Amino acid sequence: MQGKFITFEGIDGSGKSTQLRMLAGELRGRGIDLITTCEPGGTPLGRHLRQAFLETEETVAPLAELLLFAADRAQHVEFLIKPALEAGRVVISDRYADATAAYQGAGRGFERETINEIIQLATGGLKPDLTLFFDISVETAIRRMSDRHDSETKANRMDGETADFYGSVRDEYLQIAAREPGRFKVIDGGGPVEEIHSVVLEIVLKALG
Ligand code: ADP
Ligand code: TYD
């Protein structure tokens, strides 16, 4: 497969979306052909799913949640990510399969083996070339999420989770970083936006050659 697949990960409020917007603007300004997307909700079907199981007050069974994230991803890989990579484009996604390992694995407690099987099924084995993990403390995340709720953004079910939940999610991301240092880069997300942007740009330009 041609193209490059880059994913952004982090606990909620880590600044991924802010950095993704800045990076995409900068790369497009340099004439790089890229697609930005997200999970869940990168396709029309995914947006329906997202509304149904994430932007709801209904209690969703953990297994249903795991399978719905996988369904969103299967559609996303098949109809958006794979065709774009095959056309030689750069794809940058706000979250992908590592989020399932962190949130449904460490957060909800599904076995690693189950998680890996479901990820393999949904993605057909497609892995990112590069993943940037924006690392912030759980306290900073919770503060940013509550500021965000006071402003523009719609809350989702995950935003109400406990500090322990986010602590487990963050630990799992850091374990992935330790296992896959070539692909998975940890970036300190606690500094000023512009400084983080410079670090991101340098790593991504290097990866794009
Ligand atoms: P995510 O997509 O990871 O949930 P956002 O980019 O939406 O995170 O950022 C969450 C909140 O934190 C937003 O209100 C955003 O303006 C703010 N924010 C983002 N990056 C920083 C930063 N480096 N320092 C302080 N606040 C930030
Ligand atoms: P979103 O509003 O996109 O949050 P953020 O801007 O912080 O990424 O909501 C996505 C939520 O879904 C977020 O809490 C992480 C969670 N999630 C999972 O639990 N598993 C997954 O596989 C994915 C892709 C997301």
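The values are calculated or read from the model by the stated rules, or taken from the named source; none is laboratory data. Predicted, not measured: the structure shown is a model, and the values here were computed from it. Reconstructed Cβ throughout: ideal geometry from the backbone, glycine too, with neighbour counts over all protein chains shown. All accessible areas refer to the heavy atoms of the entire protein, side chains included, with ligands and DNA or RNA removed. Shrake-Rupley method; radii C 1.70, N 1.55, O 1.52, S 1.80 Å.
Consider ALA106 carefully, then state whether it is open to solvent by less than 70 Å² (accessible area, probe 1.4 Å) and either closer than 26 Å to GLU202 by Cβ or touching a residue at least 24 places away in the same chain (Cβ under 8 Å) (or both). In short, yes.
Scan the range 17-25 and tell me whether some residue there is in a loop (DSSP other than H, G, I, E, B) and either buried (at least 22 other Cβ atoms within 10 Å of the Cβ) or not basic (Lys, Arg) (or both). Within the range 17-25, not a single residue is in a loop (DSSP other than H, G, I, E, B) and either buried (at least 22 other Cβ atoms within 10 Å of the Cβ) or not basic (Lys, Arg) (or both). Residues in the range 39-61 that are under 22 Å from ASP135 (Cβ atoms) and surrounded by fewer than 21 Cβ atoms within 10 Å (Cβ to Cβ): 0 in all.
Among residues of the range 44-68 that are within 16 Å of ligand 1 (Cβ to nearest atom), those with a beta-carbon under 7 Å from a residue that is open to solvent by 40 Å² or more (accessible area, probe 1.4 Å) at least six positions away or on a different chain give the pairs LEU54/ARG157; GLU55/LYS154.
Within the range 162-181, being modelled with pLDDT of 95 or more and small (Gly, Ala, Ser) holds for GLY167, SER168, ALA177, ALA178. Of all the residues in the range 1-54, those that are farther than 18 Å from GLU195 by Cβ and in contact with an Asp or Glu (Cβ under 8 Å, 6 or more places away or on another chain) number 22.
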